[in-house]
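What follows is a short report on a single structure.
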Amino acid sequence: MSSVLVSILAFSVAITVLVAVHEYGHYWVARRAGIKVLRFSIGFGKPLWRRRFGSDDTEFVFSAIPLGGYVKMLDEREAPVAEHEKARSFNQASVPWRMAVLVAGPLANFIFAIIAYWMMFMAGVPGVKPVVGTVEPGSIAAEAGLRDGDRIVAVGDRDTPTWEAAMLVILDDMLDDGVVSMQVESEAGSTGRRVDLRVAGKEEELTRPGELFSGLGFAPWRPQWPAVLEAVTAGGPAERGGLRRGDEIVSGDGEALADWPALVNFLRTRPGQEVSLGVNRDGTELDVMITVESVTEGDQVFGRVGIQGSAPPAYPDAMRAMQSYGPIGAIGAATAKTWEMSALTLRMLWKMLQGVVSPRNISGPINIAQYAGFSATIGVSAFVSFLAIVSISLGLINLMPVPMLDGGQLVYQAVELIKGKPVSEKTQIVGQQIGIFLLILLMTFDLYNDIARLLE
């Protein structure tokens, strides 16, 4: 199955599940409040499937545009309501009940994230210990005193058992005062020492997607993956140039190539070029000239020579970490994880508005679909983690005080609660127009970021 199809399917599943969770929160509380629900829709536009269920004959719908959903409730402001059903209208419910209905959608997303993390922690979340592989001379990390082989034990006062935990805490810590304070050990059981990475003024650069480690000047440790050829495509550029199965590529155009990923990157970035490869063949050093084939996929152009390497080596047991809890402990860990991710997301958004964090972190449907497909190919745990993160984001976005979102409607209800009368219809219309404009602006920016990533 192609990666594009996997991404589309994974994205469709993710959006369907998370929108259903969100809208069910609204639906469930509305029913508890005695409000009649007319329609429960996953998606917008033309209905593709519809059925009626329940005592209120609620219409459940799957629609053509799967980028959201809604729960339509009986409301006198939208259409005439029969006299005997007016008491069941949304607008006739008390303000506290209306606010409860509105907040229930985002709350359902947070609860879903907690359940997802709980299941993951129960099953055990595998990870890799945060051991530094190489430190670039003259970099931020080198100037701070970080060394090859150091293990990051904690950042600030928070433990970092895995690289995933370390990355999140490093991002969070750098947003405080521009200093990332790490506790490191040179080897297991050694006396720890403090390393302060000074990043003030460089936060925007460091928070660009994929730039954290390269910007700080260090790379995670990984097992050696020698650039040994497992297979050479018949008639391809590599075979025509004289490469054989079992050859080890040690250099490209005179520059050392440390491993297989370095070789792949070297070739991919030289489409249509003639390159010189240093080859170790049974102990004999050779120079092989190859013209790299130019390949176009979509808007991307890259180099290919028709070679295949061995499978990536597994991390040794000594470098593996497992976060696992019992049923009760997993609840606390899952709740803490959801809170941590929510707080970090809000801080990133706030710093983004201040111009401190790169706005390129905002993703649209294309990038989300790619992440969905990638996580789905890794395994169930990775996909569930992806669902939890997106669910948290969906909950937070909907709580923003934008009139078209739940947060904006909560503001209206709060004003009515304080003033004792509803916000005027004129104000609501103006607010709706502003909300539509802001959402269109956000969607445009999301798509711009998506397209920019594809063209990189």
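Starting from residues that are assigned to a helix (DSSP H, G or I) and either in the same structural domain as residue 399 (by TED's automatic domain parsing) or not small (Gly, Ala, Ser) (or both), keep the ones in the stretch 75-88 and report whichever is surrounded by the most Cβ atoms within 10 Å (Cβ to Cβ).
Going through the qualifying residues, I end up with 88.
Filter the stretch 89-103 for residues that are of a type in the set (S, T, N, Q) and outside any loop (DSSP other than H, G, I, E, B); which is nearest to residue 40 (Cα to Cα)?
Among them, the one singled out is 91.
Restricting to the stretch 347-367, and then to whatever is in a helix (DSSP H, G or I) and closer than 22 Å to residue 163 by Cα, can you tell me which residue is modelled with the highest pLDDT?
Applying the filter and picking the extreme gives 347.
Kindly check whether there is at least one residue in the stretch 319-329 that is under 29 Å from residue 238 (Cβ atoms), loosely packed, with under 13 Cβ neighbours inside 10 Å and free of Cβ contacts under 8 Å to residues at least 12 places away in the same chain.
no
From 37, 61, 13, 4, which residue is farther than 22 Å from residue 407 by Cα, modelled with pLDDT of 90 or more and either over 24 Å from the mean Cα position of the chain (by Cα) or not assigned by TED's automatic domain parsing to the domain that holds residue 109 (or both)?
On inspection, the qualifying residue turns out to be 61.
When the stretch 116-139 is examined, which residues are found to be assigned to a strand (DSSP E or B) and of a type outside the set (Gly, Ala, Ser)?
125, 126, 128, 131, 132, 134, 135, listed by residue number.
Among the listed residues 15, 42, 35, 8, identify the single one that is of a type outside the set (Gly, Ala, Ser) and surrounded by fewer than 17 Cβ atoms within 10 Å (Cβ to Cβ).
8
Would you check if residue 51 is more than 24 Å from residue 94 (Cα to Cα), more than 22 Å from the chain's Cα centre (by Cα) and either modelled with pLDDT of 90 or more or not assigned by TED's automatic domain parsing to the domain that holds residue 399 (or both)?
Yes, satisfied.
Would you pick out the residues in the stretch 128-160 that are in contact (Cβ under 8 Å) with a residue 40 or more places away in the chain and buried (at least 18 other Cβ atoms within 10 Å of the Cβ)?
The answer is 129, 130, 131, 132, 135, 140, 141, 144, 146, 150.
The values are calculated or read from the model by the stated rules, or taken from the named source; none is laboratory data. Since the structure is predicted, the reported quantities are computational estimates derived from the model, not experimental observations. Reconstructed Cβ throughout: ideal geometry from the backbone, glycine too, with neighbour counts over all protein chains shown.
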